[in-house]
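Student: Below is a structure I'd like to ask you about.
The values are calculated or read from the model by the stated rules, or taken from the named source; none is laboratory data. Being a predicted model, the structure only gives us computed values, none of them experimental. Note that we place each Cβ from the backbone using ideal geometry, even for glycine, and neighbour counts take in every protein chain shown.
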Amino acid sequence: MAHTSYYSCMENQIAELLQNSRRCAVLTGAGISAESGVPTFRGEEGLWGKFRPEELASMDAFMANPKMVWEWYNWRRQLMGDVKPNPGHHALADLEQIMPSFWVITQNVDGLHKMAGSGNILELHGNIHRNKCVKCNQLCGEDVDIDPDNIPTCTHCGGQLRPDVVWFGEMLDPVVINRAFAESEQADVFLSVGTSAVVHPAASLPMAARSEGAKLVEINPEPTPLTDLADISVRAKSGEFLPRVVEIVREHAGRG
Ligand code: APR
């Protein structure tokens, strides 16, 4: 991305919004992890380009063929095994340190925001590294390898273990999604970073923020259904764009 006047103008406009923000929330999607090497879901290179989500990421698929579902999640865990947060994740962790109130609401299950140092995180779709019981939902270990031919069972009720992620057709954890709406509705600046903004209820959060008067900022190399509704929409990669915005915010904070 050549650093043109277009980008520096956008960087300064967004930095100014952040400098004056009392409460900020950001919704992240697979795009913020793309520069870490984690495949996104949609688009020609996306995971869903190769697989049909209903065939793998659903309770029906698991009940019909738990071995196949675990083989797919083991493959995704192996993909994520050595990925690290990229400058986009670190920039959001930095903003949490600089700004009075900053929350990361993520659709991602890769755990990279926490690894980058963010503390205020809401994981809407769970975390692929955690396992839980398919029957009683009790959490059963993190980063425990699962043998698809010998799926462990819950020590509490004997149900099979599944990944602790939200599958298609499943409800999100009401505590998490309610907090996400509360932070969005109280935000004066809302960032949408690296998401196609098509999966609800996550995709409703930017509009919830905007309906309460927040300035809506989108960072994505591609346009999305949010683009025309955003106050500022930047065609940029988050790992390249966000660090420059944070530097401007930091310089301003340093000037007191
Ligand atoms: N920086 C910012 N955005 C990027 C980058 C990047 N470097 N690379 C790609 N993107 C954008 C793409 O343009 C796309 O709009 O990230 C977005 C990724 O969209 P999806 O693959 O649809 O991922 P996401 O929006 O997170 O999907 C939402 O759908 O499949 C379910 O549960 C799954 O959480 C996921 C949800």
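Student: Regarding ASN178, is this residue without any contact (Cβ under 8 Å) to a residue 60 or more places away in the chain, farther than 19 Å from TYR6 by Cβ, in the same structural domain as ARG76 (by TED's automatic domain parsing) and polar (S, T, N, Q)?
Tutor: no
Student: Kindly list, by first and then second residue, each pair from a residue in the range 22-37 that is in the same structural domain as ALA208 (by TED's automatic domain parsing) to a residue that is aromatic (Phe, Trp, Tyr) and within 9 Å of the ligand (Cβ to nearest atom), limited to pairs with Cβ atoms under 9 Å and residues at least 6 apart or on different chains.
Tutor: If the second residue must be aromatic (Phe, Trp, Tyr) and within 9 Å of the ligand (Cβ to nearest atom), the pairs left are GLY29/PHE41; ALA30/PHE41.
Student: Which of the residues belonging to the range 163-188 are assigned to a loop (DSSP other than H, G, I, E, B) and more than 11 Å from LEU205 (Cβ to Cβ)?
Tutor: Once the filter is applied, which keeps residues that are assigned to a loop (DSSP other than H, G, I, E, B) and more than 11 Å from LEU205 (Cβ to Cβ), the range 163-188 yields VAL166, TRP167, PHE168, GLY169, GLU170, MET171, LEU172, ASP173, ASP188.
Student: If you don't mind, there's one more thing I want to ask. Considering only the range 31-46, how many residues are among the polar types (S, T, N, Q) and more than 9 Å from the ligand (Cβ to nearest atom)?
Tutor: Counting residues in the range 31-46 that are among the polar types (S, T, N, Q) and more than 9 Å from the ligand (Cβ to nearest atom) gives 1.
Student: Next question. Return the residues of the range 4-23 that are assigned to a helix (DSSP H, G or I) and either of a type in the set (A, V, I, L, M) or within 22 Å of GLN97 (Cα to Cα) (or both); say none if nothing qualifies.
Tutor: MET10, GLU11, ASN12, GLN13, ILE14, ALA15, GLU16, LEU17, LEU18, GLN19
Student: May I ask you to verify whether GLY49 is within 15 Å of the ligand (Cβ to nearest atom), surrounded by fewer than 20 Cβ atoms within 10 Å (Cβ to Cβ), in a loop (DSSP other than H, G, I, E, B) and modelled with pLDDT under 95?
Tutor: no
Student: Moving on. Could you tell me which numbered condition SER192 fails, if it satisfies all but one of (1) of a type in the set (Gly, Ala, Ser); (2) at pLDDT below 95; (3) within 16 Å of the ligand (Cβ to nearest atom)?
Tutor: Of the numbered conditions (1) of a type in the set (Gly, Ala, Ser); (2) at pLDDT below 95; (3) within 16 Å of the ligand (Cβ to nearest atom), the odd one out for SER192 is (2).
Student: List the number of the failed condition for VAL83; all other conditions in (1) aliphatic (A, V, I, L, M); (2) surrounded by 19 or more Cβ atoms within 10 Å (Cβ to Cβ); (3) within 18 Å of GLU123 (Cβ to Cβ) hold.
Tutor: Failed condition: (2).
Student: When the residues of the range 143-162 are narrowed to those that are of a type in the set (A, V, I, L, M, F, W, C) and in a loop (DSSP other than H, G, I, E, B), which ends up nearest to ALA64 (Cα to Cα)?
Tutor: For the range 143-162, the residue satisfying everything is ILE151.
Student: Looking at PRO221, is it of a type outside the set (Gly, Ala, Ser), within 15 Å of the ligand (Cβ to nearest atom) and in a strand (DSSP E or B)?
Tutor: Against the criterion (of a type outside the set (Gly, Ala, Ser), within 15 Å of the ligand (Cβ to nearest atom) and in a strand (DSSP E or B)), PRO221 does not qualify.
Student: Something else about it: For the range 58-142, which fully contained helices (runs of 4 or more DSSP H) count at least 2 residues that are away from the ligand (no atom under 15 Å from the Cβ) and more than 30 Å from ASP188 (Cβ to Cβ)?
Tutor: 59-64, 66-80
Student: Answer yes if at least one residue in the range 159-167 is in contact with a helix residue (DSSP H, G or I) (Cβ under 9 Å, 6 or more places away or on another chain), on the phi > 0 side of the Ramachandran plot and surrounded by fewer than 19 Cβ atoms within 10 Å (Cβ to Cβ), and no otherwise.
Tutor: no
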